[in-house]
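What follows is calculated from the coordinates using simple rules that are stated; it is not laboratory data. Computed from a predicted structure; not experimentally measured. Neighbour counts run over all protein chains shown; Cβ positions are idealised from the backbone, glycine included.
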Amino acid sequence: MEFLRDLWGFLKVRKKFWLIPIILTLLLFGTLIVLTSGTAVAPFIYTIF
Amino acid sequence: MVEALLGLSAYYHDSAAALLVDGKLVAAAHEERFTRKKHDSSFPLHAARYVLEEGGLSMQDLSAIAFYDKPYLKFERLLETYHGLAPQGLRSFLSAMPVWIKEKLFMRKMLKDELKKIGSDTPQMLFPEHHLSHAASAFYPSPFEEAAILTIDGVGEWATTTIGRGRGNTIEMLRELDFPHSLGLLYSAFTYYCGFKVNSGEYKLMGLAPYGIPGSEQTLKYKQLILDHLVDIREDGSLLLNMDYFNFAAGLTMCHDAEWEALFGLPKRSPESDLTQPYMNLALAAQQVTEDVIFLLAETAKNITGCNNLTMAGGVALNCVANGKLLRRGIFNDMWIQPAAGDAGGAVGAAYAAWHIGKDRPRNNPARPDAMQGSYLGPRFESDAVQRLSKKYRAKYSLYDDFSALCTDVAKLLADGAVIGWFQGRMEYGPRALGNRSILGDPCSPDMQKKLNLKIKYREGFRPFAPAVLEEDIGEYFSLDRPSPYMLLVAPVLESHRKQVPDNYDQLQMYDRLYHQRSDVPAITHIDFSARIQRISRSTNEPFWKLINAFKERTGYGLIVNTSFNVRGEPIVCSPADAYRCFMRTEMDYLAVGNYLFKKEDQPDWEEKENWREEFQLD
């Protein structure tokens, strides 16, 4: 899967392997969000875009 | 066979698309102009379709698509910031994450899905960093073979400010300041505190600053409080924000209001409420601190690059007051600023970065005066579009065979005090209307500033207007010895055009000061005798030059008021139909589209089914 390949490449280049558990947890939550909600809308604050 | 690249900026704010063919910028446009939604952040489908059409190309002709930042790097910043601040920021985290998990983490797929609506073949995709895109948009289209590059904005992935050096087809990044320490976000915090919208009201804060009283006890106190408590500025221009006062990293506002109130002794101003002198002084103090940092950064850029020329981009580079002062400081021999310095310009920068860095294509002989072609990079409309709108709205017009005759008549109408919508040629790229989608007025008229603000643009009365001045006449009115084709430099109106102000000028109420006749061109002379200048060169925009020249022949003045063709909260008009609607909704007197002239009195009654003022959210 292209996404996983890109993500792995990014973690390797940046040497940020400690982010893996956070990302996995988020993806689990993400699945729930996708299953339960409509469109995700970005809040209007600069830095979290 | 040509080699073409599509640059894209999307999903944050101000989406745009740009097309580079064999290294030449062919077209660029903001998505908001097509969708009529200000700062539209959605995928720039209309803009991408347009730029490909302008280049006579389809998706299969593209050799690469360049997106203007690296989404994973931005995601890394978000996770590390929330991790570092936990448990603070939970609400912000929960608001931000769904967007990422559902959409932005899958950016490549999302882009491909959108691009399929334009054509089936998606070429190679490249993701230059946000500030590299800004740097590329600043250096590659500039007229310089070698230059220092300064990019300053709110934040990209991690970087908020960078200094680099451009030489030939290379860009070398030399210094970087990272989030949360950001000059752009500091300015946005003051924008927010003074009651304006973040990401769009920054130029209002800049316009408000000259109403502050320089040297007054309160302004000096505010500036000292900023330097003592909010920001630690180092000799090289780098800065550290005191995050005890700022909430943007973990919260949903820019600053901690209670802490700011305690510090400045001034409550946060409610949007649209009256502007009082303390807010003007605070705006001035914020502007002065911003300028000080920019000057230090420019000196550092000069020291570490040794270059004689400077190029700039990023949202802070739209601060034309600071730009004008930086130029007058003489740190660099010359400077060039990308006209679309904000995030929309990232589309152009990403395409240039992909061409020169990604594909290692040479940069032979930088274009003169620059490669932006006056920033007239958007769509043009032929007379059939005017005919169609005329049929649709039963609009009455006069059609001129001779454009010079139209200019003569419009010049006379302007001199008689009329306000004219002026729609010609290709639409501008960047936030400024540069004479192709403009509303024009007489700069000598004492009540033009008030009329334009309150009856045409429906915006705050304090806001200034800019002059478009003939290239040949710029030295007659302003203290500026450089070209300023993109309205990005502010310079003083010459003493010879100024009028005496009363001794108690600074003590007068805001509107008494504003409506005092400060010069013989009062509509474009700001409260501090400054003006945001656009120089019109005959070789870049001949129709606009001809009109101003006709005005000069009639009045003796080689300049006119030029403001963007829109009302408050509306994107600048794109098509003749947009222009006609805006014309009919406001108290504009005439509309010129190509060789067609519409007179308001001759038009049928304008009936709107919905309240159009609700269509555009106030900016």
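Things to note:
- Per-residue HN-Hα couplings for the range B:365-372 [Karplus 6.51, -1.76, 1.60; θ = phi - 60°; Hz; x = Gly/Pro]: 6, x, 5, 10, x, 6, 9, 8
- Each peptide in B:233-241, B:121-129 receives the mean, over its residues, of other Cβ atoms within 10 Å, and ordering these scores from highest gives B:121-129, B:233-241.
- One equal scatterer on each Cα of the range B:383-614, no solvent, Debye formula: the resulting log10 I(q)/I(0) at q = 0.15 Å⁻¹ is -0.98.
- For the pair B:Glu542 and B:Ser63, the difference between a 0.36 nm per residue extended length and the Cα-Cα distance amounts to 169.0 nm.
- Remark: chain B carries a charge dipole of roughly 900 debye about the Cα centre, counting +1 on each Lys and Arg Cβ and -1 on each Asp and Glu Cβ.
- Count Lys and Arg as plus one, Asp and Glu as minus one, and take only other residues whose Cβ is under 12 Å from that of B:Tyr192; the net charge is then +2.
- Kirkwood estimate for the range B:159-286, i.e. one over the average of 1/r between Cα atoms, Å: 15.6 Å
- Rounded to the nearest 0.05, the FRET efficiency derived from the C-beta distance between B:Ser120 and B:Asp22 at R0 = 22 Å is 0.40.
- Here is the list for the range B:518-619: trypsin sites (Lys or Arg not before Pro) lying in DSSP coil, each with at most 12 other C-beta atoms within 10 angstrom of its C-beta, are B:Lys609.
- Equivalent ellipsoid dimensions for chain B as semi-axes, Å, which come from the Cα gyration tensor, largest first: 35, 32, 24
- Other-chain or far-sequence residues with amide H under 5 Å of B:Ser519's (modelled H): B:Lys499
- Spacing of the modelled spin labels on B:Leu494 and B:Glu608, each 7 Å from Cα toward Cβ, amounts to 4.3 nm.
- Whole-Hz ³J(HN,Hα) from phi, Karplus 6.51 cos²θ - 1.76 cosθ + 1.60, for the range B:550-565, glycine and proline x: 5, 5, 5, 4, 7, 10, x, 9, x, 8, 9, 6, 10, 10, 5, 7
- The range B:186-233: chymotrypsin sites (Phe, Trp or Tyr not before Pro) in DSSP coil with no more than 16 other Cβ atoms inside 10 Å: none
- Between the beta carbons of B:Ile304 and B:Leu220, assuming R0 = 35 Å, the FRET efficiency works out to 0.60 to the nearest 0.05.
- Label reach from A:Val13 (point 7 Å along Cα→C-beta): in the range B:62-104, amide nitrogens under 16 Å belong to B:65-77.
- The alpha-carbon atoms of the protein assembly as shown, seen along their principal axes, cover 72, 63, 54 angstrom, with the largest extent given first.
- Phi angles across the range B:502-511 convert, under the Karplus curve 6.51 cos²θ - 1.76 cosθ + 1.60 with θ = phi - 60°, into 3J(HN,Hα) values of x, 4, 9, 3, 5, 8, 5, 5, 3, 6 Hz, Gly and Pro given as x.
- FRET E, pair B:Lys455, B:Glu382, Förster distance 41 Å, beta-carbon r, rounded to 0.05: 0.85
- Taking Lys and Arg as +1 and Asp and Glu as -1, the other residues whose beta-carbon sits under 11 Å from that of B:Thr408 total 0.
- Here the simple spin-label model places points 7 Å from the Cα toward Cβ, and for B:Asp481 and B:Ser273 these points are separated by 4.8 nm.
- For chain B, calculated [θ]222 nm from helices alone, where every DSSP H run of n ≥ 4 adds -39500 (n - 2.57): -10000 deg cm²/dmol
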